[in-house]
Amino acid sequence: MHHDNALREFHVARQARDLYDFDASLFALSGNVIFANFHAARVFAQKMNDKRDLINFPEQAVRAGQINAMGLIDEILHVVVREYCEQLKPTAMAEALAYVEAALGRDRLAVALRAFTDQFPPLAVYRGETTVAGYLAGATGDTPHRQIALEELLMLWLANDNPAFAIFLELFDDDDLEQNTVYNEIVPLLDEFFRTQPPFGPENQPLIEMLRTPARRFPHSLEAQLEFIRTNWTAVLGKYLYRVLSSLDLLAEEQKPFFGFGPGPVLPYEFGGQELELERFSPDSAWMPRLVLIAKNAYVWLDQLSKKYQRAIVHLNDVPDVELDTLARWGISGLWLIGLWQRSEASQRIKQMMGNPEAVASAYSLEDYRIADDLGGEGAYEDLKARAWQRGIRMASDMVPNHMGIDSTWVMQHPDWFVSLPYSPFPGYTFDGANLSRDPRVGIYLEDHYYDRSDAAVVFKRVDHWTGAARYIYHGNDGTSMPWNDTAQLNYLNPEVREAVIQTILSVARRSPVIRFDAAMTLTKKHYQRLWFPEPGTGGDIASRADFGMTKADFDAAMPEEFWREVVDRVAQEAPDTLLLAEAFWLMEGYFVRTLGMHRVYNSAFMNMMRDEKNAEYRQLIKNTLDFDPQILKRYVNFMNNPDERTAVDQFGKGDKYFGICTLMATLPGLPMFGHGQVEGYTEKYGMEYRRAYWDELPDGFLVERHERQIFPLLHRRALFAEVENFRLYDFFTADGYVDENVFAYSNRLGQERSLVLYHNRYAETRGWARMSVGYVVKNEAGDKTLVQQSLAEGLQIPDDPRVFVVFRDAVSGLEYIRNCCELVEHGLYAELHAYQIHVFVNFALVYENEWGHYGGAPKRARRTEHR
């Protein structure tokens, strides 16, 4: 809902108009300042700020949201008076004028009205088109100007009486009227008159008392007064409700105290309400559940390989076969190269101008979706892709659908594809710096305050040198951090944009069977509207976007379908066998895979909660998932670091805790994803603009060797751990009868293979039994859900027979164990766990007590046994 006709008004004294040189077009015929939209309020505020010493007195800064709120409150008070007259008594103001005139005398009232009209002149008086006396002798329609002046004088008195308006008192100071006229006697007489008239409003108050109520209830907050009006005067507001909500959004934009970083607080996923959403999982191809990804920053990796092999390795086709052999030996089946695409030259210039002369552009500020020229182009990529596939490794690549680079091909050729304005949203912005464009037809200018780090503007300036036309294009922004200043935000309300992005995704899918979508949550309808076209009352995340709020109905009409659902369906049809992976936060993980149909979704809670040992919370996350729909669990991407986070060794160290959590990553359902340098123990975090590693690090041989001994064999058995049909999570009960939430105990099965994992994620010792699973949902053919539990013996398919023993091996220690089946059925598995101890029990086999012969594939002799 654009607010082109939404007028907010209040009185401005002649003296203030002259001092600040306000544009006459801002004033109504009545003399009140009017704001046709939020931008007009910003221009008004900028006029005032230009006259103030904000360097030495920053607290004197005038905010457009406060100016706008003040004007809206004044306007709503006018509406209340009008509604009173229309609903209860059309002649109320005429009778009120007669009542005051009778009490004060015609001459004394006339002096006050003339003084008021002179000091707060209507436009015709201010321009000299008529005199004060001439104005007061006239009328607008059937309403005498004396009656209009009396109502305006009442509003002036209410403005001066409102403590929250005091910061702008210079605009409507009534001291002279108080000292030289009967002004101060007029409003008490009006109050006296209306106390004899019918009451009004939700509290049945006399009119003047009702008009004063918001300021009396919340004397020092414009925001609280608007909120009071919104919640209590709904019947009177009518069409003004959306304007009140949008004005609250504008205040929220200005009061946002800190641009936080990252995806926000990590909480156990809740699925309340999602049961109402359609279940539309995308089916997996056979290879997808077994995929294990490793990330490599393309430029940094090539630099590290050059140092390792003492020769120039600069193009993708230069990557040695032995490196791919190593990845395959480790159990890696997906290679995610970060920064494949041709990047923005402007992004590189910005980063070099800001202090890193060696920087390349950000990997997420793109010129175009072609393999980067300095990586060898398409041919070099196809060579690497073919050699990787010979070893069973699929290529994975990024797709950045939210935005493009500020000098991208699309910005040059299709500026109308981006969220933009024909004017700067903030009058204080200036764009006098270097032209960052590579195209002589177009100029690209960052806002100047970026260069001295004194501001982070929400737009950049694009100038068409052929026509002289300027557009102010918004930077990409997720509302949680500073705007991404080397990017341009795509406008997904434009169907042409949606189709262009889908075609680009299909092009990427034909080159890469795994696609990771960066910041995918920003393009869901819920969040795209919240960020860029906020429903009135939900905005405040991106500065100036409250100006362009839309009702949900209007937004749905412009963007009828979820974009990601369109993508999933089109890729399934036109580029099948492509795994779509969403980087998504904000508690949308389940929605992305279950309803939007993504094959996999980021599970940042794994990294954060396991690192911080919020074990009860992470167990709750798993339980919530199993309780709602276990199929979601297999679609989580579990990782211990990603390019935006601290390195794995920084977060988890190199000891038992690291290997315990890494083992969970390798054995839980979902997609394990290793970070660049994680296996080698590198401590440097590689920025998206890095051309090389700045720290001279060598692989930690001990760390690599322990991975080879403890982790990589498990990756080769991913099929045993990847699915959820037979996954069971168990409570670990201590002898005291309580559940130790620090122990993760779970089993899985694939055919006749079985596994049981026990991990203690705490610096302490514990002992107890894993016997009964937590609840998990089972669905019948009709889709009806039943919550069930299984014992450990049922989960592992162990018979209740005292003559049979089960033998199993710990893949971590190599030890073999033997337990009586009846004992496991009755009591579960007993374990004693020290700090960060991990067991991965596999190779389960059943043997008879006496014969020690073959039974269900059991070995003839258990080589080593250990009894509790």
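Every number here is computed from the coordinates shown, using simple stated rules; none is lab data. Treat the numbers as computed from the prediction; the structure is a model and nothing was measured. Note: ideal-geometry Cβ built from the backbone for every residue, glycine included; neighbour counts use all protein chains shown.
Given R₀ = 60 Å, FRET efficiency for Glu95-Asn435 by Cβ-Cβ distance, to 0.05?
Working: r = 66 Å, r/R0 = 1.10.
Computed FRET efficiency for Glu95 and Asn435: 0.35.
I'd like the orientation of helix 377-390 relative to the chain: the angle between its Cα long axis and the longest Cα principal axis, in ° from 0 to 90, rounded to 10.
40 degrees
Report, in debye and to the nearest 20, how large the dipole of the chain comes out about its Cα centre when Lys and Arg carry +1 and Asp and Glu carry -1 on their Cβ. Please list the in-between numbers first.
Values: 89 positive and 122 negative charges, 556 e Å.
Here the chain has a charge dipole of around 2680 debye.
Using the Cα centre of the range 399-458 as the reference point, and only Cβ charges (+1 on K/R, -1 on D/E), how large is the resulting charge dipole? Debye, rounded to the nearest 20.
The dipole of the range 399-458 has a size of about 180 debye.
Please list the non-local residues whose amide H lies under 5 Å from the amide H of Leu579, H modeled 1.01 Å from N, same-chain partners needing a gap of 5 or more.
Under 5 Å from the amide H of Leu579 lie the amide H atoms of Val514, Ile515, each far enough along the sequence or on another chain.
What is the packing order of peptides 221-234, 835-848, taking the mean over residues of other C-beta atoms within 10 Å and listing the highest first?
Descending mean neighbour count gives 835-848, 221-234.
Helix 183-194: angle to the longest alpha-carbon principal axis of the chain, degrees 0 to 90, nearest 10?
Once rounded, one gets 80 degrees.
Taking the simple approach of a point 7 Å from Cα along Cα-to-Cβ for both Asp161 and Arg217, what is their distance in nm?
Modelled inter-label distance: 1.7 nm.
Could you point to the residue in Ala137, Met588, Ala745 farthest towards the positive end of the chain's charge dipole, with +1 and -1 charges on the Cβ of Lys/Arg and Asp/Glu respectively?
Value computed over the given set: Ala745.
Going by average Cβ density within 10 Å per residue, which order do the peptides 362-375, 187-200 take, highest to lowest?
Order by mean packing, descending: 362-375, 187-200.
Taking +1 at the Cβ of each Lys and Arg and -1 at the Cβ of each Asp and Glu, which of Gly105, Ala149, Gln205 sits farthest along the dipole of the chain towards its positive end, judged by Cα position relative to the Cα centre?
Highest projection toward the positive end goes to Gln205.
Where does the Debye-calculated log10 I(q)/I(0) of the range 372-522 sit at q = 0.15, 0.19, 0.20 Å⁻¹, using only Cα point scatterers of equal weight, no solvent?
Each listed q corresponds, in turn, to -0.86, -1.17, -1.24.
Straight-line reach only, C-alpha to C-alpha below 23 angstrom: list the lysines that Lys552 could link to, leaving out same-chain residues fewer than 8 apart.
Hits, sequence-local ones excluded: Lys239, Lys525, Lys526.
For Arg280, which sequence-distant residues (separation of 5 or more, or a different chain) have an amide H within less than 5 Å of its own amide H, given hydrogens modelled in the peptide plane?
Thr595
Loop-only GluC sites (Glu not before Pro) in the range 750-859, please: DSSP not H, G, I, E or B, and at most 14 other Cβ atoms within 10 Å.
Passing both the DSSP loop test and the Cβ count: Glu765, Glu781, Glu849, Glu851.
Taking θ = phi - 60°, what integer Hz values does the Karplus form 6.51 cos²θ - 1.76 cosθ + 1.60 yield along the range 800-806, in sequence order, with x for Gly and Pro?
Per-residue couplings from phi come out as 8, 9, x, 7, 10, 10, 10 Hz.
Using +1 at the C-beta of Lys and Arg and -1 at the C-beta of Asp and Glu, which of Phe194, Ile632, Tyr84 has the Cα lying farthest in the positive direction of the dipole of the chain?
Looking along the dipole axis, the top candidate is Ile632.
Near the amide H of Ala488, under 5 Å away, which other amide H atoms are found, from residues 5 or more places off or on another chain, if H is placed in the peptide plane?
Under 5 Å from the amide H of Ala488: Met404, Gly405, Ile406, Gly476.
Give me the dipole magnitude in Debye, nearest 20, for the range 279-366 about the Cα centre, with unit charges on the beta carbon: positive for Lys and Arg, negative for Asp and Glu.
180 debye
Highest first, please rank the peptides 315-321, 305-311 by the mean number of other Cβ atoms sitting within 10 Å of their residues.
In decreasing order of mean packing, 315-321, 305-311 become 315-321, 305-311.
When the helix-only estimate is applied to the chain (DSSP H runs of n ≥ 4, each -39,500 (n - 2.57), divided by the residue count), what is the mean residue ellipticity at 222 nm, nearest 500 deg cm²/dmol? Intermediate results must be reported in sequence, preceding the final value.
Working: 34 runs with 324 residues, N = 868.
Here the helix-only value at 222 nm equals -11000 deg cm²/dmol.
Rg/Rh for the chain to two decimals, with Rh computed the Kirkwood way over all alpha-carbon pairs.
On the way: Rg = 34.6 Å, Rh = 31.7 Å.
With Rh from the inverse mean 1/r over Cα pairs, Rg/Rh is 1.09.
Would you mind computing the Rg to Rh ratio of the range 527-632 from its alpha-carbon coordinates, Kirkwood style for Rh?
Radius of gyration over Kirkwood radius for the range 527-632 works out to 1.06.
Please give the helix 222-232 orientation as an angle from the longest Cα principal axis of the chain, in degrees from 0 to 90, rounded to the nearest 10.
Between the helix axis and the principal axis of the chain, the angle is about 90 degrees.
Give the cross-link partners of Lys785 among the aspartates and glutamates, using a straight C-alpha distance below 18 Å as the criterion and excluding same-chain residues fewer than 8 apart.
Within the straight-line limit of under 18 Å, Lys785 reaches these aspartates and glutamates: Glu270, Glu275, Glu277, Glu279, Asp627, Asp629, Glu725.
Hey, what do the phi angles of the range 524-540 turn into as Karplus ³J(HN,Hα) couplings, whole Hz, using 6.51/-1.76/1.60 and θ = phi - 60°, x for Gly and Pro?
Calculated HN-Hα couplings, in order: 5, 4, 4, 8, 5, 5, 4, 7, 10, 9, x, 4, x, x, 10, x, x Hz.
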